[in-house]
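The values are calculated or read from the model by the stated rules, or taken from the named source; none is laboratory data. Predicted model, so just to flag it, every value in this text is computed and none were measured. A quick note on method: Cβ atoms are made from the backbone with ideal geometry, for glycine too, and the neighbour counts reach across all protein chains shown. Surface areas here come from the heavy atoms of the whole protein model, side chains and all, with no ligands, DNA or RNA. Shrake-Rupley method; radii C 1.70, N 1.55, O 1.52, S 1.80 Å.
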Amino acid sequence: STMMKRKTTDSPHSSTDLSEGKEKLRLKQEVGLISGVSLIAGTMIGSGIFMSPEWVLHHMGSPASSLLIWAACGLLAMFGALSYAELGTIIKESGGEYIYILRIFGSFPAFLFAYTSVILVRPAGLAAVCLSFAEYAVAPFYPGCSSPQVVIKCTAAACILLLTIINCLNVRLATSIMNFFTAAKLLALLVIVVGGLVLLAKGQTQSFQNAFQNTTAGIGTVGVAFYQGLWSYDGWNNLNYVTEELKKPEVTLPRAVMIAIPLVTCLYLLVNTSYLASMTPSELLSSGAVAVTWGDKVLGSWAWLISLSVALSTFGSSNGTFFSGGRVCYIAAREGHMPAILSMAHVRCLTPSPALLFTSAMSLIMIISGSFTTIVNFFSFIAWLFYGITISGLLYLKIKKPELPRSYKVPIIIPIIVLMAAVYLVLAPIIDQPQIEILYIIVFIFSGIILYFPLVRFKYHPRFLQRVTLHLQLFLEVAPTT
């Protein structure tokens, strides 16, 4: 068998030599422009556009104000992604917010982010999308009644296990699946858009008469509406999690962002317009699944195509979320903020399989409990808390370190707008509608202090953990990467 030797170098990451051949073990740069656009658009277009419109309308009260929220969410996602593109050309490492917070603010806040993201945020988001996939996938087998929860949960678990196998085997296979499902879901959304345009051409515009009537203007209510809308745009930052696997990241990253996000924003606005053309606001609010109701009204006997499209869409989104989420775990472990085994890659497949397996296990635990709306609101609260911290890091670099080389610069007003929006989204629901769950989340984030000081700051590593790492390394056939 091939023996793996680890040697210490001046590099921040240790390198690994194969004693036969002296090859360096690293993840492959397999993600080009098309795959980059697919990763962003494919992850963004998931369950949100099929489930969130009724919640945005519920909180805003009128069709026109809900469309304004969707447009504002797209603009905010675009501003955020452009800001992250500059960060990605300054710090050319994978890991997204984690690596940026680490390099700019230091070890402690980066550990709190990694701890929260790896254990709570990413698995919860993946579980929510997989549960959405399962609900639509099993619905045709239970016509006229609701699907049993145990069947939905088992299907969601099977989805996660399948994604684990795909992503552990091959990066190219995972990106090829992502490209295919992105094309399929874009086609499904185009069907809804064309159907809506036909209805508008026939004069079905009753939902847009007195379109601002009953608009709600509460600070907290608008914030929660933003949460529901932004859930549908979540994934705008996904390419920053895999920067090291991009071909020519300084070119691919900004270009992919500028193509994917405007495309998704236009589609979302047209799809919401189509929903409102086919049903009244009260019908939309009473719909359990907006896209399925639209299919029943517009497509008739072909309505099953919508259920199939939503299942395909959510599966593709799950794959994108899983692909990028596993990288956060991998990068955090490589920097010493997670167990060493999670920083290793498979010696033949060249994928971060231990990190992917860990993300999968945490997501399976999350499937046991939690509702879609609750997960979305609290996922968004944590996400925008750390987005704000990351954007403030970019502003620090622009003001204090303008000499750092960067191939792309965003105007400073854009990150300022994103930071103001992040502060609003974090504080507005707390001020207007305080909930005890937010306190639990904050306590969970800071509970990371208990682990940080002994394990990271003072590097206390019990001997039994080292033995466990060694046995897992042999069992999983993995080795440390350069």
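Some observations on this one:
- First in region 333-352 and free of Cβ contacts under 8 Å to residues at least 24 places away in the same chain, second anywhere and surrounded by 24 or more Cβ atoms within 10 Å (Cβ to Cβ), Cβ under 6 Å, 6 or more apart: Ala333/Leu342; Ala333/Ser343; Leu342/Cys329; Leu342/Pro354; Leu342/Ala355
- Only one of the numbered conditions (1) under 30 Å from His346 (Cβ atoms); (2) of a type in the set (Val, Ile, Thr); (3) more than 20 Å from the chain's Cα centre (by Cα) is violated by Ile160, and that is (3).
- Only residues that are open to solvent by 80 Å² or more (accessible area, probe 1.4 Å) and of a type in the set (Val, Ile, Thr) were counted in region 413-436, giving 3.
- So Val347, is it within 21 Å of Ala174 (Cβ to Cβ) and either surrounded by fewer than 21 Cβ atoms within 10 Å (Cβ to Cβ) or aliphatic (A, V, I, L, M) (or both): yes
- So Thr314, is it modelled with pLDDT of 80 or more, farther than 28 Å from Ser62 by Cβ and under 13 Å from the mean Cα position of the chain (by Cα): yes
- Enumeration of residues in region 257-288 that are of a type in the set (Ser, Thr, Tyr) and either at pLDDT below 85 or more than 19 Å from Leu199 (Cβ to Cβ) (or both): Thr265, Thr280, Ser282, Ser286, Ser287
- Lone qualifier among Gly195, Gly106, Gly203 - being open to solvent by less than 30 Å² (accessible area, probe 1.4 Å) and free of Cβ contacts under 8 Å to residues at least 12 places away in the same chain: Gly106
- Output for region 71-88, where each listed residue is more than 17 Å from the chain's Cα centre (by Cα), within 30 Å of Pro281 (Cα to Cα) and buried (at least 24 other Cβ atoms within 10 Å of the Cβ): none
- Subset of region 437-450 that is in a helix (DSSP H, G or I) and open to solvent by less than 70 Å² (accessible area, probe 1.4 Å) - its residue that is nearest to Thr216 (Cα to Cα): Ile438
- Selected residue (criterion: farthest from Leu299 (Cα to Cα)) from residues of region 199-214 that are over 33 Å from the mean Cα position of the chain (by Cα) and part of a loop (DSSP other than H, G, I, E, B): Gln213
- Yes/no for Phe113 being closer than 28 Å to Leu385 by Cα, open to solvent by 30 Å² or more (accessible area, probe 1.4 Å) and either touching a Lys or Arg at 6+ places or on another chain (Cβ under 7 Å) or of a type in the set (Phe, Trp, Tyr) (or both): no
- Test: residue in region 119-136 that is in contact with a helix residue (DSSP H, G or I) (Cβ under 9 Å, 6 or more places away or on another chain), over 19 Å from Leu451 (Cα atoms), without any contact (Cβ under 8 Å) to a residue 12 or more places away in the chain and not hydroxyl-bearing (Ser, Thr, Tyr): no
- Yes/no for Glu97 being among the charged types (D, E, K, R) and surrounded by fewer than 24 Cβ atoms within 10 Å (Cβ to Cβ): no
- Residues (closer than 30 Å to Thr469 by Cα and aliphatic (A, V, I, L, M)) located in region 292-342: Val328, Ile331, Ala332, Ala333, Met338, Ala340, Ile341, Leu342
- Out of Ala156, Ala128, Ala124, Ala139, one residue alone is crowded, with 24+ Cβ neighbours inside 10 Å and either closer than 29 Å to Ser447 by Cα or at pLDDT below 85 (or both). It is Ala128.
- Selected residue (only one of Gly80, Gly95 is assigned to a loop (DSSP other than H, G, I, E, B), touching a residue at least 12 places away in the same chain (Cβ under 8 Å) and under 30 Å from Leu267 (Cα atoms)): Gly95
- Number of positions in region 294-319 that are open to solvent by less than 10 Å² (accessible area, probe 1.4 Å), of a type in the set (A, V, I, L, M, F, W, C) and in contact with a Gly (Cβ under 9 Å, 6 or more places away or on another chain): 2
Table: residues versus (1) in a helix (DSSP H, G or I); (2) more than 25 Å from Leu87 (Cα to Cα); (3) at pLDDT 90 or above.
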site	(1), (2), (3)
Gly370	no, yes, no
Phe381	yes, no, no
Leu395	yes, no, yes
Arg406	no, no, no
Ala421	yes, no, yes
Leu425	yes, no, no
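- Restricting attention to region 457-474, the residues being open to solvent by 100 Å² or more (accessible area, probe 1.4 Å) and either on the phi > 0 side of the Ramachandran plot or out of contact with any helix residue (DSSP H, G or I) (no Cβ under 9 Å at 6 or more places or on another chain) (or both) number 7.
- Comparison of Tyr268, Tyr241 shows that the only residue that is in contact (Cβ under 8 Å) with a residue 40 or more places away in the chain, farther than 23 Å from Val191 by Cβ and touching a helix residue (DSSP H, G or I) at 6+ places or on another chain (Cβ under 8 Å) is Tyr241.
- Residues in region 260-293 that are crowded, with 16+ Cβ neighbours inside 10 Å and β-branched (Val, Ile, Thr) were compared, and the one that is nearest to Trp55 (Cα to Cα) is Val290.
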